[in-house]
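Worksheet: one structure, shown below.
The values are calculated or read from the model by the stated rules, or taken from the named source; none is laboratory data. Treat the numbers as computed from the prediction; the structure is a model and nothing was measured. Using ideal geometry, Cβ is built from the backbone for each residue, glycine included, and neighbour counts are taken over all protein chains shown.
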Amino acid sequence: MKELIVSDLVTDYGHVRALDGISFVASSGEITTVIGANGAGKSTLLRTISGLEKAKSGTISWGDIEITNLAPEEIVRSGIAHVPEGHAVIPTFSVLENIEMGALFRRRKNSSDVKAAISEVLDLFPRLAERVKQSAGSLSGGERQMLAISRALVSRPKLLLLDEPSLGLAPLVVEQIIQTINHLCRSTGLTVLLVEQNANTALAVADHGVLLALGKVASDQSAAAMRADSALRSAYLGY
Amino acid sequence: MNTFISTLITGTATGAIYALAALGLVIVWRGAGVVNFAQMGQAMFTTYIASNLIASGNSYWLAFVVALISGSLLGMAIDLLIMRPLAHKKSSSSTKTLAATIPVIASLGILAILQALAGVFWAGEERGFPTPVNSFYFKNGTGTLPFSAFNLFVIGVVLTVLLSLSYFFTQTGVGLGMRAAALNPEVARLSGIKVSRMRTLSWAISGAAGSLAGLLITPSTNLSPNSLDLILIVAFTAAVVGGLDSPLGAVIGGLILGIGISLVTTYGSPENVFLAILFLLLAVQLIRPNGILGGKQVRRG
Amino acid sequence: MVSVDKIWRKSLLKTLTLGLVLFLLSFIFDAYNQGQLALVLMLFIGVLSLTVLTGSSGQISLGQGALMAVGGYSSASVITHLGASIWTGFLVAVFVASVFGLVLGVAAARLSGPYLAGTTLVIALALPSMANRFESVLGGDVGLMIDFGMPPTWISNLIEVGYEQWQLWVSIPIALISLFFVSNLLTSRAGRSWKAVRDDEIGAAVNGIPVARTKVIVFVVSSAVAGLGGALYGLRGLVGPSVYPVSLSLTLLTAAILGGVGSISGAFIGTVIVVFLPDLVSWAISGLAVSEQVTNYLPALLTGVLLLATIILNPAGVMGTRHRSKH
Ligand SMILES: Nc1ncnc2c1ncn2[C@@H]1O[C@H](COP(=O)(O)OP(=O)(O)O)[C@@H](O)[C@H]1O
Ligand SMILES: [Mg+2]
C-alpha cells in the first residue's frame, strides 16, 4: 500500500516562507489530520503536495514515485485528489458537470468505469443526486462542499487532500461530511489528509495528527495521544 | 418594401459574419484572457492563402478548407510562441494594470507583422475574392427576390458553425474542459485538465472562426493587408455589446450590428456608420458595462 | 526626499541642454534630416502624451492619434477661418483637446484594459466621418491646408533660414515645453498619486486619493499634450483624415513601448527609432535588388517585430530596467 512521505519541505510566497522544513508521513488507509492556527501553513502544505505551489526544497513521495513539483494535472493522475479551501466548485456549471469535470481525464480510456464512479459518488451524497441538473451556484454551502468532494472522488483517488471542509458550515452538516469521509476511508482503504482548524472535530475521527505552527511541525503523534495532551491543547489549540 | 426586406436580409447575412468574428474574440477572451486585436489580421492572412490557391487553379472548396486549417494553426502558433511565454512573464511584471495590457500590445504587434508580411508577399494592392455561389439577387418570373444565393450560403454556414460550436462546448468532454479551464483554472488543473492545452485550443478554434469570417466577408470588401481592420472593430463592438464573456451575446451583438449597419447605410449615410458604432460602443459601456448578456463578473481587464 | 526645487532645476537644465543640442543639429543636418528631426519632435510630443497616460494609469490608448487630430483640426480651424497665428493655434489646440480629454476621460474612467484599447481604436477610426460631418469647417475628406509659414523678418534679416530648419525651430520650443511639463508632472505630488492609483486603486482610495477624479485628470493632461503635438504635426502642410490615420496611433504606441512605458527618455529614443528606421532600412537594402513591395513593407515589418520582441524580451522596454529601479 502507498503512503505519502513528506520530508524537509520548504515553500515560499515571494519573500514569505510559508513552509519551513516540514516532514511527516500519512500512512496508507488512515486519516491523518493537519491542524494549526490560521496562517500556520496548512493550505500551503496541501497546495504544495497537489502541485499548485512549487516547493523550494524538500521532497514529497507517494508510494514509490516522487511527485515533488510535478504539475497538478500530473499529480491527480497519480491518484491524489485535492479539495481546495472554500467549496471550490464552478457555480455556472450544473452539479453533474462539476462532477464530470473531475473524471474528464479518465473518460476516454475508461468510460464505463467513469459512469460507475459518478453513480457511486452520487450514492454517497443523495442530496446531490436529487439536484444533478441544478446549477452549482444554487446549492447551499454544505451541498457545495459535498459537490467539491464528489468532484475529487470521481477521479477514484487513493489519497484525498481535504482543506477545511467544515469552513462556514453548520455543525450537523460538518458531522455528516466528516462521517462520510471516515466511512469511505474505513471501507475502501482511501488515505486521507484532512486539514482542519477545528481540531476537536478532526481529532475525533483521525488516526494520526500533525500540528503545524508558523510553517513548522510542532507536534506529530497519534490522534489519541494528541487528544490526551492537555499541555499541547492549551499551548497551540487554545481550548 | 423590397428595399427594406433586402436590407434586412443582407444585414442578417453580414451580421452572421460579424457574429462569427465576435465569437472568435469571445472564445479567446474567455479561454485565455486576451482580447485578440490580431484576429482579423490572421483572417486576412489566411484569406490571402486561399486567394493564391484559387488563383493557381485550385477549387474554391480546397482553398476554403486550407484557409480554415491554416487559421487554426496560426492561432495555435500565436499562443505557443508568443502568448504562453508572455503569460509566464506576466507575473513578474511591475504592475497588474500594465500586465493586463501586455497581451493587448502583443496582439497589436502581431497584427502589424501579419499586415506587413502580407504586403511583402502579396503586394499591397487590392484584389477581389470569389464567392462559391452566385451573389446576384435571385430572379423569379416577375422580378427579383431581395436576396442572393450567397446570402443564404453565408447564413447557412454560420448557423451550422454556431450550432456545432454550441454542441461542442456543452455536450463534449473537451468542451467541458475548455469551459472549466476558462472559468476556474485552478479547479480545472486539480481535475486533471491540461489548462494550457485548452488555451491553445481556444486560440485554434478562434483562429478558424476568424478565418471563416474573413473568407465570407472578403467578397464584399476586397482583399488587401488592411481590408479586415473594420471587421475587427465591428466584431469588437459586437462582442462588447453582447458582454465579451458570452458566446450567445456575441452572436446577438453581431446580428444587431449587421442589421444596424445595413439600415444606416441604406437609409442614413454610409459615413455615419462609424459614428453609430462609436456611439453604440460608448452607450453600452456606460449604461450596461457587462453587455446585454454578460454576467456580473465579466470585467477582468 | 529630494527637494522639489532641486528636481525642477535639474530637469530645467536637462531640457535646456537637449534644446541646445537640437538647435545645433539644425545647422549640421541637411534639409531632409532637419525635417525628420522636426518629425521626431512632433511625434515625441504625441508619445509623451501616451507616457503620461500609460505610465501613470497603466492603460493604453490606441486613439492617441485621434486626440492629436483634435488638436490639429482646432488649430487649423482658427488659423484658416479666423486668420489666427500658429501660436494662437497651439493654445486653442491645447484647450480644445483638454475638453475632449475631459469627455473621454469621464467615459474612460469606467473602462479598463482591452475595453479602453478597443474603444479608443474605434474613436481613431471614426475620426474621418467626423471630418465629413462638419465639412464646411473641417474640410471633409481633403482637410485644411496650413503650414509653418515663414520666419518673422527679424530672424530672416539676421540669418537665412530654410523651410525645414524653420519647421525645426518652431518644433523645438514646443517639444521642450511639453517635455518640461510632463517630466515635472510625473515626479510631482499629483504624478505620484496617479501612480498610486495605477498600482493599487483600492489602496489609493483608502489613502484618500479620489480615484475616479484622478483617472479623468490623467486623461485631460494626456489629451492636452497630444493636442499640442497634433497641432504641430498638422503644420507640416495639411490637417486631414489622411494625416491622422489609425496607424499614427499605433506608431505612437510602438515608440512608447520600444522606449519603455512611462519613461520619458525612453519615449524620445523610441520616437527616434520609429522615425529613422525606414530611412535606415532603405539605406541598408539600397544595394540589394529587392522589389518595391518589399521596400514598402519592410519598415512596418521591422517595427512590428521590434515591438513584439520588446514585449516578449523586456516588457518594460529599452529604458525600462533603469526606469524601474528609480522607484
Ligand atoms: N498567495 C499567497 N501569497 C503570499 N503569502 C501567502 C499566500 N497564501 C498564504 N500566504 C501566507 O503563507 C502563510 C501560510 O498560509 P496558509 O497556508 O494559507 O495557512 P493556513 O491554511 O494554515 O491558514 C501565511 O502567513 C499566509 O499569510
Ligand atoms: Mg488555509
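The criterion of at least 2 residues that are within 16 Å of ligand 2 (Cβ to nearest atom) is met, among strands (runs of 3 or more DSSP E) falling completely within region A:149-239, by A:159-163, A:191-196, A:208-213.
Yes/no matrix, rows are residues, columns are (1) surrounded by fewer than 19 Cβ atoms within 10 Å (Cβ to Cβ); (2) in contact with a helix residue (DSSP H, G or I) (Cβ under 7 Å, 6 or more places away or on another chain); (3) within 14 Å of chain B (Cβ to nearest Cβ):
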{"site": "C:LEU127", "(1), (2), (3)": "no, yes, yes"}
{"site": "C:MET145", "(1), (2), (3)": "yes, no, no"}
{"site": "C:ILE159", "(1), (2), (3)": "yes, no, no"}
{"site": "C:GLU164", "(1), (2), (3)": "no, yes, no"}
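Tallying residues that are in contact (Cβ under 8 Å) with a residue 24 or more places away in the chain, near ligand 1 (Cβ under 9 Å from one of its atoms) and in a loop (DSSP other than H, G, I, E, B) within region A:1-38 yields 3.
Scanning region B:180-196 for residues that are facing chain A (nearest Cβ under 9 Å) and at negative phi gives B:ALA180, B:LEU183, B:ASN184, B:GLU186, B:VAL187, B:ALA188, B:ARG189, B:LEU190, B:SER191, B:ILE193, B:LYS194, B:VAL195.
I'd like to check which helices (runs of 4 or more DSSP H) are fully inside region B:1-96 and have at least 1 residues that are of a type in the set (D, E, K, R). Counting at least 1 such residues, we get B:2-32, B:84-90.
In region C:77-115, of all residues being more than 14 Å from chain B (Cβ to nearest Cβ) and assigned to a loop (DSSP other than H, G, I, E, B), the one that is nearest to the chain's Cα centre (by Cα) corresponds to C:SER85. Name the single residue, out of those in region A:154-167 being within 16 Å of ligand 1 (Cβ to nearest atom) and touching a residue at least 40 places away in the same chain (Cβ under 8 Å), that is nearest to the other protein chains (Cβ to nearest Cβ). Restricting to residues being within 16 Å of ligand 1 (Cβ to nearest atom) and touching a residue at least 40 places away in the same chain (Cβ under 8 Å), the top hit is A:LEU161.
Every residue, every condition in (1) among the hydrophobic types (A, V, I, L, M, F, W, C); (2) touching a Phe, Trp or Tyr at 6+ places or on another chain (Cβ under 6 Å); (3) within 13 Å of chain C (Cβ to nearest Cβ), yes or no:
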position: B:LEU223; (1), (2), (3): yes, yes, no
position: B:SER227; (1), (2), (3): no, no, no
position: B:ILE233; (1), (2), (3): yes, no, yes
position: B:VAL241; (1), (2), (3): yes, no, yes
position: B:ILE252; (1), (2), (3): yes, no, no
position: B:LEU263; (1), (2), (3): yes, no, no
position: B:VAL273; (1), (2), (3): yes, no, yes
position: B:PRO289; (1), (2), (3): no, no, yes
position: B:ILE292; (1), (2), (3): yes, no, no
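Of all residues in region A:39-84, those satisfying the criterion of being in a loop (DSSP other than H, G, I, E, B), buried (at least 20 other Cβ atoms within 10 Å of the Cβ) and either free of Cβ contacts under 8 Å to residues at least 12 places away in the same chain or under 13 Å from the mean Cα position of the chain (by Cα) (or both) are A:SER50, A:PRO84. With respect to the conditions (1) assigned to a helix (DSSP H, G or I); (2) crowded, with 22+ Cβ neighbours inside 10 Å; (3) more than 13 Å from the chain's Cα centre (by Cα), B:ILE252 falls short on a single one, namely (2).
Checked against the criterion of being under 15 Å from C:PHE44 (Cα atoms), within 14 Å of another protein chain (Cβ to nearest Cβ) and under 12 Å from the mean Cα position of the chain (by Cα), the candidates C:ALA267, C:ALA226, C:ALA231, C:ALA255 yield just one match: C:ALA255. Note on region C:167-193: residues that are more than 20 Å from the chain's Cα centre (by Cα) and either assigned to a helix (DSSP H, G or I) or over 21 Å from C:ILE264 (Cα atoms) (or both) total 4. Inclusion of B:ILE217 among residues that are outside any helix (DSSP H, G or I) and buried (at least 24 other Cβ atoms within 10 Å of the Cβ) is not warranted. Within region A:45-68, is even one residue modelled with pLDDT of 95 or more, more than 12 Å from chain B (Cβ to nearest Cβ) and within 16 Å of ligand 2 (Cβ to nearest atom)? Looking for residues that are modelled with pLDDT of 95 or more, more than 12 Å from chain B (Cβ to nearest Cβ) and within 16 Å of ligand 2 (Cβ to nearest atom), one finds at least one in region A:45-68, hence yes.
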